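Novice: Below is a structure I'd like to ask you about.
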Amino acid sequence: MLRRPRFLIIALVLVLLADGSAQKTVRASADVQTSVATDESIAIVVNQENTIENLSMKDLRSIFLGERSHWPNGRRITLVMMEPGQLERKAILRDIYRMNETDFSRHFLQGLFTGEVFVSPKTLASPVGVRKFIFNVPGAIGYVRASDVDPTIKVVRIDGRSPEDKDYELRLQPRLGTK
Amino acid sequence: MSTSVTRTTRPGPLGPHSLIDRFLYGISRYSSTLLLLMVFTVETGVVIFVIRDLRAADSEVQTMYVGSVIGLRGIGGLQYDAQETRRATLYALTTNDSNLQVEYADQSRDADRRVTNGINEYLGRAHTASAIEVGKRLQSDWVAYLKVRDEVLASILEGSIKEAVDYDLKGGVPSFDRVRQDLEEIKRQYDEQASQQLADVDESSRRSAGRLVGVLCFTLLFASVSIWAIQRARMLSALKLAKLQMDFVASVSHELRTPLAVISASAQNIADGVVEEKDQLTRYGNVIRNHTRQLTELVNQILLFASTREGRTHYVVRPMSIEQLFESVLHNTREVVREAGFTVDVQVEPDLPPILGDISALSQCVQNLVGNAVKYGGTHGRIAMRALLQKSEIPHGDEVRITVEDHGIGIDSSDLPHIFDPFYRSPSVAAAQIHGTGLGLPLAKSIAEAMGGKITVVTKLGVGSAFTLHLPTLKKGTLQTETVSPDLLTRR
């Protein structure tokens with residue numbers, strides 16, 4: 001009678017161990033897929049009427065931080081962000097703002113209050129929404145995955161590099177050896 | 001002058017409308033089927049005319065529908081889409097949600113695309129100068145409004161609501177008003193066009209109705225005239241027949257009375273003992289015999305003609321040679337020819353093939369021709385009777401042509417079409433007191449046709465006439481005797 005509960009406990013442990021290893025296998029394969037999907041460039045896009053072709057990372061950061069209010073052609077800059085939680089937004093916060101969500105919110109609240117920030121970012125839910133917004137607003141600037149770019153918007157090179165280049169900096173996943 | 005003569009009716013002065021009556025005689029010759037055919041042709045033409053008229057009216061109505069009703073519907077759609085463009089733009093003002101604003105901007109752009117396409121379609125359909133002018137103005141005003149609309153949308157999406165409202169009030173409202181006025185102008189033009197086309201269709205309908213009434217009146221009139229013409233043609237035909245019959249009765253009475261009078265007078269003289277000597281008796285006997293034969297021939301002729309007309313004659317058809325036929329003819333006409341002081345020159349081509357026919361009937365036919373030659377042969381005193389083999393009009397067929405030629409008075413061209421009409425006698429012949437019944441040639445023709453042949457005549461007034469009987473030669477393998485009715489023989 002005493003041997004039977006022990007046997008059951010051992011069997012249960014074995015089953016749980018076996019189940020856990022199977023789940024790990026599934027997660028591992030999902031991670032591989034995610035890494036393949038997320039190893040993609042993020043394009044900085046503007047309205048087709050915008051004459052800007054290239055921006056330095058410094059200028060881009062300045063624009064995204066809201067420190068500039070107008071383009072050289074006099075058009076007002078409108079910053080377009082995607083909703084929190086999106087991979088593209090995380091990458092932009094990481095590579096351009098170098099902030100987390102809390103710091104990002106605090107920066108704009110504080111900056112608008114003090115007048116140091118001139119632009120309040122518009123938040124859109126999807127890459128399609130971003131594209132349409134930028135298509136309608138001549139001074140808009142935003143970002144989408146390189147695969148989401150279409151002829152209605154224009155891609156701006158960063159430091160002379162386009163999203164197809166290998167050493168292009170803005171990617172969904174941080175590049176090895178960079179921050 | 002060679003003429004194939006067929007049976008014809010005689011035109012005559014039977015009323016005041018001699019030209020019309022001549023025309024009606026012509027119709028009655030070929031029966032009223034010709035007239036009915038003309039009526040049918042005219043009716044068909046009328047029906048085609050009416051159908052074409054109705055189709056033209058239908059086409060006009062369809063053009064009006066396409067040009068105006070569909071056009072008006074298209075303008076209604078343009079007005080709605082233009083309003084939708086503006087409405088969606090203004091809806092974007094009512095929210096701060098950028099996602100919704102983008103959605104409204106999208107709706108506005110969809111609607112403006114439909115308007116742009118609609119304007120292009122309108123310009124493609126426009127044909128009049130005024131329509132093209134207002135279409136181009138609408139296109140220009142719409143582009144101007146879209147520029148303002150784009151600025152308004154951009155301002156809304158940027159979050160500059162005040163700026164957007166300012167843009168709309170200063171630029172959007174006036175430019176959209178111009179677009180609205182342009183659309184109203186186009187609509188007004190369509191209304192005018194529709195009214196004009198409606199008036200055109202009304203006019204066309206009235207015209208069609210008038211034509212229809214006219215055509216029906218014409219048809220009614222034509223049908224009435226046709227019926228009158230048919231009736232009159234029949235009446236004229238009946239009148240002519242009655243006149244010919246009356247002439248015939250008068251002629252036959254005269255032809256009967258003359259020999260009867262001679263016979264009666266001769267018999268009376270013999271009975272009264274006036275004639276006693278044998279020579280005198282012989283002469284009186286010859287007179288009575290000749291006039292009796294003349295009477296018999298006349299009666300036979302009439303009976304034969306009556307029987308051929310009724311189709312009661314039965315011919316004994318058998319192969320015969322031309323020599324047999326000529327022998328019979330010469331035998332039967334010997335007395336007549338001799339008494340008239342004529343001689344007959346006979347020429348028969350050697351080795352003529354046999355012919356198929358009733359020797360008695362054919363002999364009667366040629367006798368009639370010889371009798372005519374004697375009667376109308378003048379004072380020349382010679383009659384030629386020839387038989388030749390010739391190619392017939394039927395392919396690969398031969399025929400024997402028997403010609404009886406005289407050198408007498410000939411036939412006037414006005415009489416020529418009627419010489420084969422029963423009871424017809426030329427007025428000049430009647431006036432010259434030349435006796436006859438008007439049955440000799442019709443009977444000859446009837447017999448010739450019953451034997452599968454025909455009679456033609458070549459004549460010249462004052463020179464003479466040559467009547468030719470055409471008879472098909474006998475084909476091999478048909479050498480047998482049979483009795484047939486004339487209808488059967490003619491069909492061969």
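Novice: Could you grab the pairs with beta carbons closer than 9 Å, sequence gap of 6+ or different chains, first residue in the stretch B:254-275 and closer than 30 Å to B:Arg425 by Cα, second one assigned to a loop (DSSP other than H, G, I, E, B)?
Specialist: Taking only residues 6 or more apart or on different chains, the pairs are B:His254/B:His435; B:Glu255/B:His435; B:Glu255/B:Gly436; B:Glu255/B:Thr437; B:Thr258/B:His435.
Novice: Among the residues of the stretch B:386-407, which ones are more than 15 Å from B:Ser321 (Cα to Cα) and modelled with pLDDT of 90 or more?
Specialist: B:Thr403, B:Val404, B:Glu405, B:Asp406, B:His407
Novice: Can you report the number of residues in the stretch B:380-419 which are in a strand (DSSP E or B) and surrounded by fewer than 20 Cβ atoms within 10 Å (Cβ to Cβ)?
Specialist: Step one: of the stretch B:380-419, the residues in a strand (DSSP E or B) are B:382-391, B:398-405.
Those still in the list that are surrounded by fewer than 20 Cβ atoms within 10 Å (Cβ to Cβ) too: B:382, B:384, B:386, B:388-391, B:398, B:401, B:403.
Counting residues in the stretch B:380-419 that are in a strand (DSSP E or B) and surrounded by fewer than 20 Cβ atoms within 10 Å (Cβ to Cβ) gives 10.
Novice: Within the stretch B:281-327, restricting attention to residues that are closer than 18 Å to B:Leu441 by Cα and of a type in the set (A, V, I, L, M), which residue is surrounded by the fewest Cβ atoms within 10 Å (Cβ to Cβ)?
Specialist: Checking each candidate, the answer is B:Leu303.
Novice: Can B:Ser108 be described as at the interface with chain A (Cβ under 9 Å from one of its Cβ atoms) and buried (at least 20 other Cβ atoms within 10 Å of the Cβ)?
Specialist: Against the criterion (at the interface with chain A (Cβ under 9 Å from one of its Cβ atoms) and buried (at least 20 other Cβ atoms within 10 Å of the Cβ)), B:Ser108 does not qualify.
Novice: Okay, moving on. Pull up the stretch B:159-177, narrow it to residues that are crowded, with 17+ Cβ neighbours inside 10 Å and free of Cβ contacts under 8 Å to residues at least 60 places away in the same chain, then point me to the one that is nearest to the other protein chains (Cβ to nearest Cβ).
Specialist: Among those that are crowded, with 17+ Cβ neighbours inside 10 Å and free of Cβ contacts under 8 Å to residues at least 60 places away in the same chain, it is B:Tyr167.
Novice: Mind checking which residues of the stretch B:117-141 are under 21 Å from B:Thr85 (Cα atoms), small (Gly, Ala, Ser) and within 59 Å of the chain's Cα centre (by Cα)?
Specialist: Matches in the stretch B:117-141: B:Gly118, B:Gly135.
Novice: Then there is this: Among (1) without any contact (Cβ under 8 Å) to a residue 24 or more places away in the chain; (2) in contact with a Pro (Cβ under 8 Å, 6 or more places away or on another chain), where does B:Pro427 come up short?
Specialist: Only one criterion is unmet by B:Pro427, namely (2).
Novice: Select from the stretch B:99-155 the residues that are assigned to a helix (DSSP H, G or I), free of Cβ contacts under 8 Å to residues at least 12 places away in the same chain, within 15 Å of B:Asp182 (Cα to Cα) and touching a helix residue (DSSP H, G or I) at 6+ places or on another chain (Cβ under 6 Å) and list them in ascending order.
Specialist: Within the stretch B:99-155, no residue meets the criteria.
Rundown of residues vs (1) assigned to a helix (DSSP H, G or I); (2) surrounded by 14 or more Cβ atoms within 10 Å (Cβ to Cβ), yes/no style:
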site	(1), (2)
B:Gly210	yes, no
B:Gly214	yes, no
B:Ser224	yes, no
B:Lys240	yes, yes
B:Val249	yes, no
B:Ser253	yes, no
B:Gly273	no, no
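Novice: Output the residues belonging to the stretch B:373-408 that are within 15 Å of B:Pro350 (Cα to Cα) and among the polar types (S, T, N, Q).
Specialist: The one that is within 15 Å of B:Pro350 (Cα to Cα) and among the polar types (S, T, N, Q): B:Gln390.
Novice: Can you tell me which condition A:Tyr168 does not meet? The list is (1) away from chain B (no Cβ under 13 Å); (2) closer than 19 Å to B:Leu100 by Cα; (3) not charged (D, E, K, R), and all the others hold.
Specialist: Just one mismatch for A:Tyr168, condition (2).
Novice: Quickly run through the stretch B:301-346 and pick out the residues that are over 48 Å from the mean Cα position of the chain (by Cα) and assigned to a loop (DSSP other than H, G, I, E, B).
Specialist: The answer is B:Gly341, B:Phe342.
Novice: Inspect the stretch B:61-81 for any residue being more than 30 Å from B:Cys217 (Cα to Cα) and of a type in the set (Phe, Trp, Tyr) and give the result as yes or no.
Specialist: Narrowing the stretch B:61-81 to residues more than 30 Å from B:Cys217 (Cα to Cα): B:63-81.
Pick out the ones that are also of a type in the set (Phe, Trp, Tyr) and you get B:65, B:80.
Taking every residue of the stretch B:61-81 in turn, at least one turns out to be more than 30 Å from B:Cys217 (Cα to Cα) and of a type in the set (Phe, Trp, Tyr).
Novice: If you don't mind, another one. When you go through (1) in a helix (DSSP H, G or I); (2) over 25 Å from B:Lys375 (Cα atoms); (3) modelled with pLDDT of 85 or more one by one for B:Leu489, which number turns out not to apply?
Specialist: Among (1) in a helix (DSSP H, G or I); (2) over 25 Å from B:Lys375 (Cα atoms); (3) modelled with pLDDT of 85 or more, the lone unmet condition for B:Leu489 is (3).
Novice: Touching a residue at least 12 places away in the same chain (Cβ under 8 Å), touching a strand residue (DSSP E or B) at 6+ places or on another chain (Cβ under 6 Å) and surrounded by fewer than 22 Cβ atoms within 10 Å (Cβ to Cβ): which single residue out of B:Leu352, B:Leu330, B:Leu356 fits that description?
Specialist: B:Leu352
Novice: Could you tell me which numbered condition A:Gly66 fails, if it satisfies all but one of (1) at pLDDT 90 or above; (2) within 14 Å of chain B (Cβ to nearest Cβ); (3) in a helix (DSSP H, G or I)?
Specialist: (3)
Novice: Please find, among B:Ser226, B:Ser155, the residue that is within 14 Å of chain A (Cβ to nearest Cβ), over 30 Å from B:Ala56 (Cα atoms) and polar (S, T, N, Q).
Specialist: None of the other options fit; the residue is B:Ser155.
Novice: Let me ask something else about it. In the stretch B:37-76, how many are surrounded by 14 or more Cβ atoms within 10 Å (Cβ to Cβ) and of a type in the set (S, T, N, Q)?
Specialist: Going through the stretch B:37-76 one residue at a time, the tally reaches 1.
Novice: Also, I was wondering about something else. Tell me, which residue of the stretch B:47-98 that is in contact (Cβ under 8 Å) with a residue 60 or more places away in the chain and β-branched (Val, Ile, Thr) is nearest to the other protein chains (Cβ to nearest Cβ)?
Specialist: The extreme case among them is B:Thr89.
The values are calculated or read from the model by the stated rules, or taken from the named source; none is laboratory data. Everything numeric here is computed off the predicted structure, so don't read it as measured data. With ideal geometry, Cβ positions are generated from the backbone for all residues, glycine too; neighbour counts draw on all protein chains shown.
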